[in-house]
Amino acid sequence: AQSVTQLGSHVSVSEGALVLLRCNYSSSVPPYLFWYVQYPNQGLQLLLKYTSAATLVKGINGFEAEFKKSETSFHLTKPSAHMSDAAEYFCAVTPGRDNDMRFGAGTRLTVKP
Amino acid sequence: DGGITQSPKYLFRKEGQNVTLSCEQNLNHDAMYWYRQDPGQGLRLIYYSQIVNDFQKGDIAEGYSVSREKKESFPLTVTSAQKNPTAFYLCASRRLAGGAEQFFGPGTRLTVL
């Protein structure tokens, strides 16, 4: 069975600082991996996805993530945080197109002025 | 505009009442999903459906029921048997022949009084 662990339920950065949100996965087969963002009282919006093509994936709003098979990780980064990045971020995994998606517990990002 | 709509946005229920949450999509997606979100627990799968007139239980189906009479619609009923129904409910959909990502509606916040 596949699962996702997000390290750190809360992350706080200053505006302009690097954002690093950590995600480790377990999967018995090559996974598809996703990062979603959720603003308060809204649904989830897809930031980016990895589907076995390039290991460095670029997403919306300047975010990117790198798939590292040896470390079973898919960390999300952004070089310079903006106030509008404050939200909750979810990492998700599915072992293939026809299977269900499993979500991490989420990381709440706070951006300080 | 194509998308997923959920209604109502906020719902209040007295103990012992059944309530139905609406989810409609005009994306022509095959599969639809219901998740429950509680603080610090990520998303947990309640039910999903990959085809009309067929659906499968997820991890926390007890106290919930669904129907899939039309491809576009996947309503969720929260029954009086659900012991702790206060939560944020999210509906999602995806194409089975697509890239595995799910697209989410804006959510319904259910509060039991």
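Throughout, read-outs are computed from the coordinates displayed, never taken from laboratory work. Predicted model, so just to flag it, every value in this text is computed and none were measured. Because the Cβ atoms are built from the backbone with ideal geometry, glycine has one as well, and the counts that use them run over all protein chains shown.
Any residue at all in segment B:28-48 that's among the hydrophobic types (A, V, I, L, M, F, W, C) and assigned to a loop (DSSP other than H, G, I, E, B)? No; the residues of segment B:28-48 include none that is among the hydrophobic types (A, V, I, L, M, F, W, C) and assigned to a loop (DSSP other than H, G, I, E, B).
Residue-wise test of (1) small (Gly, Ala, Ser); (2) at the interface with chain A (Cβ under 9 Å from one of its Cβ atoms); (3) out of contact with any Asp or Glu (no Cβ under 7 Å at 6 or more places or on another chain); (4) under 19 Å from A:Gln38 (Cα atoms).
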| position | (1), (2), (3), (4) |
| --- | --- |
| B:Glu15 | no, no, yes, no |
| B:Leu21 | no, no, yes, no |
| B:Glu72 | no, no, no, no |
| B:Val78 | no, no, yes, no |
| B:Cys91 | no, yes, yes, yes |
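Among the residues making up segment A:36-46, those that are surrounded by 21 or more Cβ atoms within 10 Å (Cβ to Cβ) and within 13 Å of B:Glu101 (Cα to Cα) are A:Tyr36, A:Leu44.
Might you let me know whether segment A:97-107 holds any residue that is closer than 26 Å to B:Leu90 by Cα and more than 12 Å from chain B (Cβ to nearest Cβ)? No, every residue in segment A:97-107 fails to be closer than 26 Å to B:Leu90 by Cα and more than 12 Å from chain B (Cβ to nearest Cβ).
Any idea which of A:Phe63, A:Phe74 is among the aromatic types (Phe, Trp, Tyr) and out of contact with any Phe, Trp or Tyr (no Cβ under 6 Å at 6 or more places or on another chain)? It is A:Phe63.
Within the option set B:Gly58, B:Gly3, B:Gly42, being closer than 24 Å to A:Thr94 by Cα and either among the acidic types (Asp, Glu) or free of Cβ contacts under 8 Å to residues at least 24 places away in the same chain (or both) holds for one residue only, B:Gly42. Taking segment B:2-20 as the range and being closer than 16 Å to A:Gln42 by Cβ and not basic (Lys, Arg) as the test, the residues that pass are B:Gly3, B:Ile4, B:Thr5, B:Gln6, B:Ser7, B:Pro8, B:Tyr10. When each of B:Gln6, B:Gln17 is tested for being polar (S, T, N, Q) and in a strand (DSSP E or B), the lone residue that passes is B:Gln6. On the basis of being of a type in the set (S, T, N, Q) and closer than 25 Å to A:Lys49 by Cβ, does B:Gln37 make the cut? Yes, satisfied.
Residue count for segment B:68-105 satisfying the condition of being surrounded by fewer than 16 Cβ atoms within 10 Å (Cβ to Cβ), within 11 Å of the chain's Cα centre (by Cα) and not in a strand (DSSP E or B): 0.
The set of residues from segment A:9-67 being more than 10 Å from every other protein chain (Cβ to nearest Cβ) and of a type in the set (Val, Ile, Thr) comprises A:Val11, A:Val13, A:Val19, A:Val29, A:Val37, A:Thr55, A:Val57, A:Ile60.
Residue-wise test of (1) more than 22 Å from A:Gly43 (Cβ to Cβ); (2) free of Cβ contacts under 8 Å to residues at least 12 places away in the same chain; (3) touching a strand residue (DSSP E or B) at 6+ places or on another chain (Cβ under 8 Å).
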| residue | (1), (2), (3) |
| --- | --- |
| A:Glu66 | yes, yes, yes |
| A:His75 | yes, no, yes |
| A:Ala81 | yes, no, yes |
| A:Tyr89 | no, no, yes |
| A:Ala92 | no, no, yes |
| A:Phe103 | no, no, yes |
| A:Leu109 | no, no, yes |
| A:Lys112 | yes, no, yes |
